[in-house]
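Let me begin by presenting the structure, written as structure tokens, before commenting on it.
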Amino acid sequence: MNAWRAQQVLLFLGVSFFSCLLATKSQADSEIRLWKGQTVNVPVYPHIYIGDKEIPLDLSTNLSVRNTDSENSITVVSVDYYDSDGKLVRKYVEKPALLNPMASAYFLAKTSDTRGGWGANFIVEWRAEKEATEPLIESVITGARGTHSYSFVTRGKPIKGTSK
């Protein structure tokens, strides 16, 4: 086998190996897991900079908590908003809020509230009496300046969890 052919075979084997790894990860990510509760970090961007001149733009942040379980309720225990330096800015939940199966709740950080800075985040804690599917926790970030509008979505990432 010549050197060129050997390189092709090695490249093919390498690509095949990594494809299998990615497929395995995708299958693992798609498995439905049940939880008794989680703490979720949701990155938000209430203040961004645009262009080479770093023109500041303040944005509103709509945090959405969606109970994806069709049979079990979950309780939103806390929704805390932290600024770019990690300082607590606001507690959104005064008392735990029950979300029925398939129900949703939202929390708004207004455009006029600039305390979060460019690297703010929400920390959401939820619990369930019975094991439930993981809720979908996202932030829809929107704003406009002149004739331009901006919108994007960030998804929460669990940082702690309790199962069984």
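No value in this document is a laboratory result; all are computed from the given coordinates. Everything quoted here is computed from the prediction, not taken from an experiment. Here Cβ is always computed from backbone atoms with ideal geometry, including for glycine, and neighbour counts include all displayed protein chains.
Side notes on the structure shown:
- For segment 109-164, the square roots of the Cα gyration tensor eigenvalues, ordered a ≥ b ≥ c, give a/c of at least 1.5 with a/b greater than b/c, which places it in the prolate category.
- With a Förster radius of 45 Å applied to the beta-carbon distance between THR114 and ARG66, the computed FRET efficiency rounds to 0.95.
- Protection proxy ranking, highest mean first, for peptides 96-104, 56-64: 56-64, 96-104, where packing is the per-residue count of other beta-carbon atoms within 10 Å, averaged.
- Shown here for segment 79-164: chymotrypsin sites (Phe, Trp or Tyr not before Pro) in loop regions (DSSP other than H, G, I, E, B) with at most 16 other Cβ atoms within 10 Å, namely TRP118.
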